[in-house]
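The values are calculated or read from the model by the stated rules, or taken from the named source; none is laboratory data. None of the values given here were measured: they were computed from a predicted structure. So basically every Cβ, Gly included, is an ideal-geometry build from the backbone, and we count neighbours across all protein chains shown. Just the protein is used for accessible areas: all its heavy atoms, side chains included, with ligands, DNA and RNA removed. Shrake-Rupley method; radii C 1.70, N 1.55, O 1.52, S 1.80 Å.
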Amino acid sequence: MGLNFYKELFLASEQIYPPPEKRSYELSRTQERLMKKLGETAHPFHLTVPAGAPGSVTLQPGLEDEGEPCGVHYYIKLFVGDSEIDRSHRRSTIALGIRKVQYAPSKPGPQPCTVVRKDFVLSPGQLELELTLDKQLYMHGETVAVNMSVRNHSNKVVKKIKANVVQSVDVVLFQNGQYRNVVASIETQDGCPLQPGSSLQKVLHLSPTLASNRDKRGVALDGQLKRADTTLASTTLLLEPEQRDAFGIVVSYSVKVKLYLGALSGELVAELPFILMHPKEGRAKVIHADSQADVEMFRQDTVHHQESIEVY
């Protein structure tokens, strides 16, 4: 319909000029060097993003979609006015796009494991499926190894096995905004048909990457800047469950394995959640500068482990 719906929230604000009489923070090494380079006309400032603020997330648009993609975006906006509440004018305003990224926790959780069983109304015995992941926390680009054990104590036959990595996206900006995307999939008949009284041990490897999902509309991606490639969206880590609505878009991942028993016998499904994020050691500030010397100055500065800012 050509309509836009968005909420604009101000997380931090500071008057840059005239500068405050007392500065409540110390200049970083980068700011000190830039002050020496740019001279007295430069005015440093410092903004703090709240720890509970959502990460940058973008929903991948379709080929036919126009306009800005749906997502959570961050900007640093500077404007000239007579007061803080003065309405900014386009000709006296500049906006700088930044990106907020959550990094992986230092201590991963327990190894995911689950066991599901299926009974049959008119047949004796059970079909049992056990799933185990080699770890709970995966980094972008890593392969998820799914350890599967099937024990067929029934008189049914397992004909096919299918495994998916599912990305669950909860858009809390409006109701009924929950949907799921398959971002990695594998289907196999190796070891099948699995006859009654038999068992099967198998390891399935799945690689959830953006390269294999570039044409899928609605896949959640990490916030993207103009000239930088991105990845699948990281898992959203909530400090408190009630913060869900404040995050706008909540992303989670799980591995789903399905055993096909035929049209009459149905299926057996097991699902395990896991975390997909960026490693801590990736924290950095990146700037597309006019010289290599400017880049080196920014590399020597540090960023809080929960934030990654890329400036263009």
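In the stretch 86-98, the condition of being within 19 Å of Ser252 (Cβ to Cβ) and either among the charged types (D, E, K, R) or in a loop (DSSP other than H, G, I, E, B) (or both) is met by no residue.
For first residues located in the stretch 5-34 and assigned to a loop (DSSP other than H, G, I, E, B), partners that are among the aliphatic types (A, V, I, L, M) and loosely packed, with under 11 Cβ neighbours inside 10 Å and lie 6+ apart or on another chain with Cβ distances below 6 Å form the pairs Ala12/Leu47. For Asp190, the conditions (1) acidic (Asp, Glu); (2) in a strand (DSSP E or B); (3) open to solvent by 60 Å² or more (accessible area, probe 1.4 Å) all hold with the exception of (2). Set side by side, the residues Thr41, Thr58 differ, and just one is surrounded by 10 or more Cβ atoms within 10 Å (Cβ to Cβ) and either not assigned by the TED database to the domain that holds Asn213 or not polar (S, T, N, Q) (or both), which is Thr58.
Scanning the stretch 120-129 for residues that are open to solvent by less than 60 Å² (accessible area, probe 1.4 Å), of a type in the set (A, V, I, L, M) and part of a strand (DSSP E or B) turns up at least one hit. Would you check if there is a residue in the stretch 201-221 being aliphatic (A, V, I, L, M), surrounded by fewer than 19 Cβ atoms within 10 Å (Cβ to Cβ), in a loop (DSSP other than H, G, I, E, B) and at pLDDT below 85? No. Tallying residues that are in contact with a Pro (Cβ under 9 Å, 6 or more places away or on another chain) and either open to solvent by 50 Å² or more (accessible area, probe 1.4 Å) or not in a strand (DSSP E or B) (or both) within the stretch 69-82 yields 2. Determine whether Leu137 is within 30 Å of Lys280 (Cα to Cα), assigned by the TED database to the domain that holds Leu237, more than 21 Å from the chain's Cα centre (by Cα) and of a type outside the set (Asp, Glu). Taking the combined requirement at face value, the residue does not satisfy it.
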